[in-house]
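Visitor: There's a structure below that I have some questions on.
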């Protein structure tokens, strides 16, 4: 997978390394900006309030 | 050749520079394909591990950065709205509309009710208080006022429980050190015109997340027997989990007027 991507990047090793770094940063940016904020409420790690289990309040 | 392929499938770095290989013989083609599939599977697992690691960093670090930034902006906004408005007017009796257009009634104050000071959690500990204990509100690095299952009484109400929630970790982690608050410690709520000084009477180290009685008007388990002017701080415990809830209960000791210089009450002065 990563080997395939590397082989299909243009340029010499240095150019490929720079492009790879940019791709990684882009993926991290997308994760932090869109994926994690979406996933976090679905995971039971951030619940701090008490409720009756009805789910009306924050769990 | 077989050794090369094994190394290639388990090590992405090696795959990045594949050795030149001769055209595979037909009998070995199926096996080579299986190894390649295994290699991709391994890379996916490595990727999953990295993403989970990033998620931990996001939860415990990045959400704090975001929440602190957002809370600092909102706090500044509230303080400048206070500074712009007329001072010395008791908010409970005559909430005057401020020139900046801030809502007149403290209940509707979307920008914030005031600030929570708990010296036991740090000398300059200050948290913005907002209405609501839903995820979106608490994610902004504030202490949220419970509106359900019990609608919390506000500090200026004649009786009731001013119940607050905040995150233990992530999203500002404003109640991270709530376990450092003990009986006798001071809790001060600062509004535009008043300092509400509470004293901690009891703490509950651990309870079920369904134990809604801890935020009731007369909190169950607090030792209070009748109506009064109480404050309750809740968060989750143990740290880094949300398995149980913990609570700190206090009762109102006195109410000080805010002077022109906003001199803090003795409880908040560092000796």
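The values are calculated or read from the model by the stated rules, or taken from the named source; none is laboratory data. Nothing here was measured: the structure is a model prediction, and the numbers come from that model. Note that each Cβ is placed from the backbone with ideal geometry, even for glycine, and that neighbours are counted across all protein chains shown.
Visitor: Just one of the numbered conditions (1) at pLDDT 95 or above; (2) more than 14 Å from every other protein chain (Cβ to nearest Cβ) is not true of residue B:31; which one?
Guide: The number of the failed condition is (1).
Visitor: Could you check the range B:49-60 and list, in sequence order, the residues that are within 13 Å of residue B:139 (Cα to Cα) and surrounded by fewer than 19 Cβ atoms within 10 Å (Cβ to Cβ)?
Guide: B:60
Visitor: What is the residue count in the range B:112-156 for residues that are over 28 Å from residue B:266 (Cα atoms) and surrounded by fewer than 23 Cβ atoms within 10 Å (Cβ to Cβ)?
Guide: So the count comes out to 12.
Visitor: Only one of these conditions is not met by residue B:225: (1) in a loop (DSSP other than H, G, I, E, B); (2) touching a strand residue (DSSP E or B) at 6+ places or on another chain (Cβ under 8 Å). Which number is it?
Guide: (2)
Visitor: Taking only pairs six or more apart or across chains, which ones have beta-carbon atoms under 7 Å, a first residue in the range B:129-151 that is more than 8 Å from chain A (Cβ to nearest Cβ) and at positive phi, and a second residue that is assigned to a loop (DSSP other than H, G, I, E, B) and surrounded by fewer than 18 Cβ atoms within 10 Å (Cβ to Cβ)?
Guide: Correct list of pairs: B:132/B:147.
Visitor: Give me the pairs, please: first residue somewhere in the range A:32-53 and within 7 Å of another protein chain (Cβ to nearest Cβ), second residue anywhere and surrounded by 13 or more Cβ atoms within 10 Å (Cβ to Cβ) and at pLDDT below 75, beta-carbon distance under 6 Å, and either six or more positions apart or on two chains.
Guide: Close Cβ pairs (under 6 Å, with a partner that is surrounded by 13 or more Cβ atoms within 10 Å (Cβ to Cβ) and at pLDDT below 75) amount to A:47/A:59; A:49/A:57; A:49/A:58; A:51/A:57.
Visitor: Pick from the range B:169-179 the residues that are facing chain A (nearest Cβ under 9 Å) and in contact with a helix residue (DSSP H, G or I) (Cβ under 7 Å, 6 or more places away or on another chain): which of them is nearest to residue B:249 (Cα to Cα)?
Guide: Among residues in the range B:169-179 that are facing chain A (nearest Cβ under 9 Å) and in contact with a helix residue (DSSP H, G or I) (Cβ under 7 Å, 6 or more places away or on another chain), the one nearest to residue B:249 (Cα to Cα) is B:169.
For (1) in contact (Cβ under 8 Å) with a residue 24 or more places away in the chain; (2) away from chain A (no Cβ under 14 Å); (3) in contact with a helix residue (DSSP H, G or I) (Cβ under 9 Å, 6 or more places away or on another chain), each residue gets a yes or a no:
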residue	(1), (2), (3)
B:233	yes, no, yes
B:236	yes, no, no
B:241	no, no, no
B:244	yes, no, no
B:247	yes, no, yes
B:251	yes, yes, no
B:255	yes, yes, no
B:263	no, yes, no
B:268	yes, yes, yes
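Visitor: Among the numbered conditions (1) part of a strand (DSSP E or B); (2) surrounded by fewer than 24 Cβ atoms within 10 Å (Cβ to Cβ), tell me where residue B:164 comes up short.
Guide: All conditions are met except number (2).
Visitor: Examine the range A:18-29 for a residue that is at the interface with chain B (Cβ under 7 Å from one of its Cβ atoms), surrounded by 15 or more Cβ atoms within 10 Å (Cβ to Cβ) and modelled with pLDDT of 90 or more, and state whether such a residue exists.
Guide: Scanning the range A:18-29 turns up at least one residue that is at the interface with chain B (Cβ under 7 Å from one of its Cβ atoms), surrounded by 15 or more Cβ atoms within 10 Å (Cβ to Cβ) and modelled with pLDDT of 90 or more.
Visitor: Applying the selection to the range B:215-231, what residues are in contact (Cβ under 8 Å) with a residue 40 or more places away in the chain and out of contact with any helix residue (DSSP H, G or I) (no Cβ under 8 Å at 6 or more places or on another chain)?
Guide: Passing the criteria: B:215, B:216, B:217, B:218, B:227, B:228, B:229, B:230, B:231.
Visitor: Is there a residue in the range B:172-186 that is without any contact (Cβ under 8 Å) to a residue 24 or more places away in the chain, surrounded by fewer than 24 Cβ atoms within 10 Å (Cβ to Cβ) and under 28 Å from residue B:123 (Cα atoms)?
Guide: Yes, the range B:172-186 contains at least one residue that is without any contact (Cβ under 8 Å) to a residue 24 or more places away in the chain, surrounded by fewer than 24 Cβ atoms within 10 Å (Cβ to Cβ) and under 28 Å from residue B:123 (Cα atoms).
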